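Notes for the one structure printed next.
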Amino acid sequence: MAQKGMTKPHPTLDLDALETTVTDMQSGKYKRKTVRYAESDQSTVLTHDQIVRKFIVLIMKGGNKDTARRIMDKTMEEIKRRQVREFHRATESQKLQIITDPRKIFNQAVNNLKPVLLVTSVKRGGIAYQVPVPCPEKRQLFEAMKIIKAALAEKTNSRIPFHEKLATIIMDAAEFKGKAMDRKIEILKNCERNRAYAHFK
Amino acid sequence: MAASMLKNMIVGQNNIFRVIGYSFPHKKVCLNHYRCCTSIVHGNDNVRTEQDVKPRRPRVCRTTVSSPAHQTKDQIGQFYTVPEPIAKKVFTRGWLNPKLLQLFDTFNETSIMVRKPALEIIDLMKSANYKDPVIKYVIYGPQGTGKSTTLAHVAHYALEEDFMIIHVPWPKHIYQFPATYQESTYKEDRHDTLVESLKWMNSFRKLNQHHLEKLKTTKKCVWTKKDSSLEGTPITDLIEMGLDREKHIPDIVGMIIREVKKQAADLGLKVLVVVDGVNSLFQETTVKVAPGEFRPSSQIGLVQHFMKLLQNDWAGGAVLLTVDRNASKDDKRESDLPKYLLGKEGFAVLDPFIPFQTELYSEEEFHSCIEYFKERRWLQGEKGQTQRGIQQIRFLSGRNPYFVERACSAW
């Protein structure tokens, strides 16, 4: 959304950080500081995660933020449920290795899917070449989420609820396997195939 | 709270005006708990301060006393684990909410919290005289406060004391599908539901196998021109016959209930009748009989049989009932109280009964529940285990047991 003051600092959502700056306020340091508006889907609930929020926007269709958020909530619960279920049926030594926090798993999955290289189209002499290019860090997060979204769009024969599908994709990606991982490997292979044109860019 | 509110006003000045005063008509506003929590920041009078929420003394969330007969006030708020053979019979589909059953599966154990209404009912059942007419216990309360769970807890006690259990899961299911109605051959003005009768008979047999051997019929029944059962046939034989000849099942169910009522006190049998959502026995079905008139559920055979168990004219048991808002029709869901939900007819049938109210968690129960979820890894993450996190869960759930679990599921 185009706002006046897009370059101004973001509002803090961390209540602990907000409370520690009370004494600074009294010194007059924050007297006239203007801050960017908080979005309607940001909150100070401790489960709120900025990366998850970006992903919710990505899977949203037709402006149905509520539906997208509900799906993500169900997905997080599904991941947690599967991990906790495994945890309680595991031996003592296995329990140490099982992560039950769904946010950690989601972060791990997204980090595993970040592509180092991407392919862009460059026209030389009327022919469009696929040139491998390093993916900047800011964009890597978006590309990783895009890979998950593409993996979701694949049609399967059995009717699985959307959140269960998403949960499977995320959990697999955190372990370097599954549909999303295959897509990432395909992208990197494509870059490898076209490495002859790397000097075009 | 006040400090953070002040700070937000100065540091994030624009935030407040944009979130409170400015509406976003072009965006679908997220009617979710995020908005609840922004109200904390903007100073909602209903929110308690941190001092109110601190636990008064540290408490253990679990207890090893797993027999309801031995549980006392000291165990209130603690979780006990139900032994597996009883969990398979009573803490299963039909008795409890599917979400709760899913939780049992996730945690790999069947544990529920010991709460006051269940202990009160068990105390009364211990001191009741089973030669006197049956006592009716009616449980009522807001959604999610543990009515079905209380039923299961008391049924656990009953199974340990070797009661016979007659369980009617959700009476609405009996008359929900008009396509299954058949006119009864035995009585005029009665409609039978074959599928539901068969289901009930099977589950009754599974629960009470060892008690059925004592029961025998006291009346001669003529099923068809060829079949008839004499006096003194065991109920198990009747059930076997019913499984062969499905047409007779609804009447066999009536026979079983008739014999149980007649002979319970004489045989020394103790019977526990459990009905979850008794108010749906006094409702109308969705079958149209005339324009604007619906068939009353009292014309359904199974409903008539179960209604007989709710009367005062038999001894040797206890009747445990739940009155639930969701068991009523859509236009009659404004209150949770028994007299409103039962209506005139229902109240006249059930009167006199002893009411028990299930309530929201007390502070101690709430903290015990949080401790249990922490231990079972349902509430986790460094943030979820902080004082502030627990405060937020308490606000979001309002101490309603069902919503405490739902709020913790996001953490």
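Condition (residue is open to solvent by less than 20 Å² (accessible area, probe 1.4 Å), assigned to a helix (DSSP H, G or I) and without any contact (Cβ under 8 Å) to a residue 60 or more places away in the chain) applied to the stretch B:120-133: is it met by at least one residue?
Looking through the stretch B:120-133, at least one residue is open to solvent by less than 20 Å² (accessible area, probe 1.4 Å), assigned to a helix (DSSP H, G or I) and without any contact (Cβ under 8 Å) to a residue 60 or more places away in the chain.
Among the residues of the stretch B:350-391, which ones are part of a loop (DSSP other than H, G, I, E, B) and either at pLDDT 95 or above or away from chain A (no Cβ under 14 Å) (or both)?
B:Asp351, B:Pro352, B:Phe353, B:Thr358, B:Glu359, B:Leu360, B:Tyr361, B:Ser362 - these are the residues of the stretch B:350-391 that are part of a loop (DSSP other than H, G, I, E, B) and either at pLDDT 95 or above or away from chain A (no Cβ under 14 Å) (or both).
Look through the stretch A:104-119, keep the residues that are among the hydrophobic types (A, V, I, L, M, F, W, C) and assigned to a loop (DSSP other than H, G, I, E, B), and return whichever of them is most open to solvent (accessible area, probe 1.4 Å).
Initially, the stretch A:104-119 is screened for residues among the hydrophobic types (A, V, I, L, M, F, W, C), giving A:105-106, A:109-110, A:113, A:116-119.
Filter again for assigned to a loop (DSSP other than H, G, I, E, B), leaving A:113, A:116.
On the way: A:Leu113: 0, A:Val116: 97 Å².
Per the stated criteria, the residue is A:Val116.
Find the residue count for the stretch A:44-57, including only residues that are more than 22 Å from B:Phe395 (Cα to Cα) and surrounded by 13 or more Cβ atoms within 10 Å (Cβ to Cβ). Steps first, please.
Of the residues in the stretch A:44-57, the ones more than 22 Å from B:Phe395 (Cα to Cα) are A:50-57.
Narrowing the set further to residues that are surrounded by 13 or more Cβ atoms within 10 Å (Cβ to Cβ) leaves A:51-57.
So the answer is 7.
Scan the stretch B:147-173 for residues that are under 24 Å from B:Ile239 (Cβ atoms) and either open to solvent by less than 10 Å² (accessible area, probe 1.4 Å) or part of a loop (DSSP other than H, G, I, E, B) (or both) and report the count. Show your work before the answer.
The initial filter retains those residues of the stretch B:147-173 that are under 24 Å from B:Ile239 (Cβ atoms), namely B:155, B:158-159, B:162-171, B:173.
Add one more test, that the residue is either open to solvent by less than 10 Å² (accessible area, probe 1.4 Å) or part of a loop (DSSP other than H, G, I, E, B) (or both), and what stays is B:155, B:158, B:162-166, B:168-171.
Summing the residues that are under 24 Å from B:Ile239 (Cβ atoms) and either open to solvent by less than 10 Å² (accessible area, probe 1.4 Å) or part of a loop (DSSP other than H, G, I, E, B) (or both) in the stretch B:147-173 gives 11.
Here's the yes/no breakdown for (1) surrounded by 15 or more Cβ atoms within 10 Å (Cβ to Cβ); (2) over 32 Å from the mean Cα position of the chain (by Cα):
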{"position": "B:Lys214", "(1), (2)": "no, no"}
{"position": "B:Lys220", "(1), (2)": "no, yes"}
{"position": "B:Asp227", "(1), (2)": "no, yes"}
{"position": "B:Gly232", "(1), (2)": "no, yes"}
{"position": "B:Glu240", "(1), (2)": "no, no"}
{"position": "B:Ile249", "(1), (2)": "yes, no"}
{"position": "B:Ile252", "(1), (2)": "yes, no"}
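For the stretch B:85-111, how many residues meet the condition of being open to solvent by less than 40 Å² (accessible area, probe 1.4 Å), away from chain A (no Cβ under 14 Å) and in a helix (DSSP H, G or I)?
3
Give me a count of the residues in the stretch A:159-178 that are open to solvent by less than 70 Å² (accessible area, probe 1.4 Å) and at negative phi.
Step one: list which residues in the stretch A:159-178 are open to solvent by less than 70 Å² (accessible area, probe 1.4 Å), which gives A:161, A:163-174, A:178.
Keeping just the survivors that are at negative phi gives A:161, A:163-174.
Summing the residues that are open to solvent by less than 70 Å² (accessible area, probe 1.4 Å) and at negative phi in the stretch A:159-178 gives 13.
If you go through the stretch A:36-82, how many residues are assigned to a helix (DSSP H, G or I) and either of a type outside the set (Gly, Ala, Ser) or over 22 Å from A:Phe142 (Cβ atoms) (or both)?
Filtering the stretch A:36-82 for residues assigned to a helix (DSSP H, G or I) gives A:50-59, A:65-82.
Still in the running and either of a type outside the set (Gly, Ala, Ser) or over 22 Å from A:Phe142 (Cβ atoms) (or both): A:50-59, A:65-67, A:69-82.
Residues meeting the conditions: 27.
Restricting the first residue to the stretch B:178-198 and requiring it to be in the same structural domain as B:Ile300 (by TED's automatic domain parsing) and under 12 Å from B:Ile249 (Cβ atoms), which pairs with a second residue that is in a loop (DSSP other than H, G, I, E, B) and among the aromatic types (Phe, Trp, Tyr) meet a Cβ separation below 9 Å and a spacing of at least six or different chains?
B:Asp192/B:Tyr186; B:Thr193/B:Phe177; B:Val195/B:Phe177; B:Glu196/B:Phe177
Looking at (1) part of a loop (DSSP other than H, G, I, E, B); (2) over 30 Å from B:Trp378 (Cβ atoms); (3) at pLDDT below 95; (4) open to solvent by less than 30 Å² (accessible area, probe 1.4 Å), can you tell me which one A:Lys155 breaks?
Just one mismatch for A:Lys155, condition (4).
Can you tell me which residues in the stretch A:79-103 are exposed (fewer than 14 other Cβ atoms within 10 Å of the Cβ) and either facing another protein chain (nearest Cβ under 8 Å) or under 19 Å from A:His163 (Cα atoms) (or both)?
A:Arg89, the sole residue that qualifies.
Tell me which residues, restricted to the stretch B:392-406, are within 10 Å of another protein chain (Cβ to nearest Cβ) and surrounded by fewer than 22 Cβ atoms within 10 Å (Cβ to Cβ).
Step one: list which residues in the stretch B:392-406 are within 10 Å of another protein chain (Cβ to nearest Cβ), which gives B:392-393, B:395-396, B:406.
Hits for the stretch B:392-406 are B:Phe395, B:Leu396, B:Arg406.
Which count do you get for residues in the stretch A:80-100 that are under 19 Å from B:Phe104 (Cα atoms) and touching a residue at least 12 places away in the same chain (Cβ under 8 Å)?
7
Given the structure, is B:Val349 open to solvent by less than 30 Å² (accessible area, probe 1.4 Å), closer than 29 Å to B:Asp266 by Cβ and touching a residue at least 24 places away in the same chain (Cβ under 8 Å)?
Values: open to solvent by less than 30 Å² (accessible area, probe 1.4 Å): no; closer than 29 Å to B:Asp266 by Cβ: yes; touching a residue at least 24 places away in the same chain (Cβ under 8 Å): yes.
The answer is no for B:Val349.
The values are calculated or read from the model by the stated rules, or taken from the named source; none is laboratory data. These numbers come from a predicted model, not from an experiment. Every residue, glycine among them, receives a Cβ derived from its backbone with ideal geometry; neighbour counts consider all protein chains shown. Keep in mind that these areas ignore ligands, DNA and RNA; they rest on the heavy atoms of the full protein, side chains included. Shrake-Rupley method; radii C 1.70, N 1.55, O 1.52, S 1.80 Å.
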